[in-house]
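The values are calculated or read from the model by the stated rules, or taken from the named source; none is laboratory data. Everything numeric in this text was worked out from a predicted model, so none of it was measured. All Cβ positions, even for glycine, are placed from backbone atoms using ideal geometry, and neighbour counts span all protein chains on display. All accessible areas refer to the heavy atoms of the entire protein, side chains included, with ligands and DNA or RNA removed. Shrake-Rupley method; radii C 1.70, N 1.55, O 1.52, S 1.80 Å.
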Amino acid sequence: MNSWANSSASETRPLSHDLHLDLRHAITPGTRGVRALLISALRDAIRSGRLTVGSMLPPSRTLASDLGLARNTVAEAYSELAAEGWLESRQGSGTRVVNRGQNQLPPRPRGAGSPPPHNLMPGSGDVTAFPRADWLASARRALSSAPHEALRAGDPRGRHELRSAVSEYVARVRGVRTTPDSVVICAGTRHAVEILTRMYGLTQPIAVEAYGLFIFRDCIEAAGGTSTPIGFDDAGAVVDDLEDFDVRAALVTPAHHFPHGLPLHPARRTAVVQWARRTDSYVLEDDYDGEFRYDRQPVGALQSLDPDRVVYLGSASKSLTPVLRLGWMVLPPELVDTAVAAAGGGQWYVDAISQLTMADFIAGGHYDRHIRRMRTRYRRRRDLLVERLADYDVGVRGLSAGLHLLLTLPDGAEPDVLYRAAEAGVALAGLSRLRHPLAGPHIPDPDGVVVSFGTPADHGFGPAVEALCGVLEAAGL
């Protein structure tokens with residue numbers, strides 16, 4: 001190509017600026033492989049101010065050639081940093097640094113709304129791994145093929161495309177026995193619990209496990225109901241306690257208890273279903289992370305034992321992101337109309353476009369592929385966390401499944417660990433916060449903290465683990 005051609009091309013595409021990066025000095029705790037080293041080096045260049053806001057990065061092909069890397073490695077590094085907010089890529093104008101360097105931003109105040117440096121709180125998976133490209137492709141396909149009526153208020157149970165996709169998925173993956181007609185789309189599991197409270201918790205309490213997510217207790221109360229705790233031991237929820245209460249619904253986590261991480265013992269699975277049949281009651285099954293199993297065969301849904309007595313609850317909160325507000329209830333057929341009425345009689349809490357996109361995402365196999373990819377990532381993180389914790393005086397429970405571990409602590413150590421964690425910028429959930437306020441003295445009350453290995457981004461997981469170990473060491477553990 002002659003010099004005139006080169007000059008003309010430079011007027012229509014970004015210039016290939018040089019960029020010095022020394023990957024040998026980019027090693028930080030938790031980094032693995034060339035891509036991780038490259039990401040760390042680019043991030044450090046932005047933090048230090050060597051790359052200022054608006055700086056143009058070399059095209060991926062050029063930087064790959066300069067560093068002796070595969071082009072895909074550089075492209076993936078750019079993509080991840082763009083997803084985190086460090087870079088911005090636009091077709092035809094290249095990749096530039098945006099306003100995320102520490103030298104350009106004032107320090108954020110520590111307080112409400114300010115994320116901690118090391119977030120190990122349960123409640124979310126790694127949202128930086130959200131499959132943006134596949135989700136966008138599904139959205140385009142869904143909108144292109146959607147009939148006009150899909151943009152009007154439709155079936156109060158939700159779009160039939162999503163109900164069909166969910167029905168097929170939970171039957172295939174979790175062993176749920178259902179048809180699309182028994183599926184009701186909702187805005188996540190919390191919303192489902194609100195609806196079910198309006199159905200069964202306004203005149204009688206809803207039984208819940210003595211340890212569990214406080215947001216469910218809160219939303220039951222917000223909907224006008226009350227909750228009562230049943231015991232918990234090494235076999236899971238003590239379902240025999242249900243005989244002592246006048247309740248018509250019991251909310252349990254049989255596949256993977258939160259926070260103890262245990263499956264409900266097979267004998268108790270049978271017993272809770274028999275209780276529901278005998279008392280004309282219902283079991284509300286929260287299958288909040290049923291897809292993530294590592295060291296044992298998956299525990300199938302309790303609903304498969306009796307679809308007429310178990311309401312199955314699932315969502316995309318742990319598998320994709322909580323902000324999608326996409327969940328589903330699989331109900332006994334005779335409860336569908338009652339649930340729709342309790343929800344307000346219309347489907348306005350989950351937009352149709354998100355429903356159509358999720359339907360395409362599941363039907364096209366993208367959801368399955370994402371789950372398999374994340375299962376591998378989370379297992380690797382879990383193994384690293386367990387390895388690092390082996391040197392400390394803590395017990396570890398919940399290893400075989402899910403996105404969190406329960407660290408049991410010596411008596412009286414929980415407040416000190418939580419205080420030191422807050423000082424170090426490490427967000428943890430105390431076990432005491434998850435204990436029902438009405439739980440009696442017969443229910444064990446150990447000290448502990450819940451640690452999520454699913455929440456941090458890959459680049460932040462290693463530093464978060466090191467920070468956690470520093471907290472345990474400072475606490476004398």
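Evaluating 6.51 cos²θ - 1.76 cosθ + 1.60 at θ = phi - 60° for every residue in segment 263-269, the Karplus couplings come out as x, 5, 4, x, 5, 6, 4 Hz, glycine and proline recorded as x.
Given +1 at the Cβ of Lys and Arg, -1 at the Cβ of Asp and Glu and no other charges, the dipole of the chain around its Cα centre is 1760 debye to the nearest 20. In this simple spin-label approximation, residue 90 and residue 433 carry label points 7 Å from Cα along the Cα→Cβ vector, and these lie 4.1 nm apart. Using equal-weight Cα scatterers in the Debye expression, the normalised intensity of the chain in log10 at q = 0.05, 0.06 Å⁻¹ is -0.22, -0.32. Counting only protein heavy atoms and using a 1.4 Å probe, the accessible area of residue 380 comes to about 100 Å². Measure off, as a whole percent, the carbon and sulfur share of the 1.4 Å-probe accessible area of segment 307-361, all protein chains present. Looking at segment 307-361 in its full context, I get 55 percent from C and S. Other residues lying with their Cβ under 10 Å from the Cβ of residue 96 contribute a combined charge of 0, Lys and Arg counting +1, Asp and Glu -1. Taking 7 Å steps out from each Cα toward its Cβ at residue 379 and residue 442 produces label points 4.1 nm apart.
Once the Cα atoms are used to define both axes, helix 160-174 deviates from the longest principal axis of the chain by about 80 degrees. How far is helix 189-200 tilted, in degrees, relative to the longest principal axis of the Cα atoms in the chain, given as a value from 0 to 90 rounded to the nearest 10? Once rounded, the angle reads 20 degrees. Note on residue 240 and residue 152: with the Förster distance fixed at 56 Å, the Cβ-Cβ geometry gives a FRET efficiency of about 0.65. Sort segment 172-254 into rounded, prolate or oblate with this rule: let a ≥ b ≥ c be the square roots of the eigenvalues of the Cα gyration tensor; rounded if a/c is under 1.5, and if a/c is not under 1.5, prolate when a/b is larger than b/c, oblate otherwise. Oblate shape, in that a/c is at least 1.5 and b/c is the bigger or equal ratio.
A 1.4 Å probe run over the chain, with the rest of the protein chains in place, finds 45 Å² accessible per residue. Tell me the angle of helix 458-474 to the major Cα principal axis of the chain, expressed in degrees between 0 and 90 and rounded to the nearest ten. Computed tilt is about 70 degrees.
Grab the other residues whose beta carbon is less than 12 angstrom from that of residue 208, score K and R as +1, D and E as -1, and report the net.
On the way: positive: 217, 435; negative: 209, 218, 221, 241, 286.
Within the 12 Å Cβ shell, the charges total -3.
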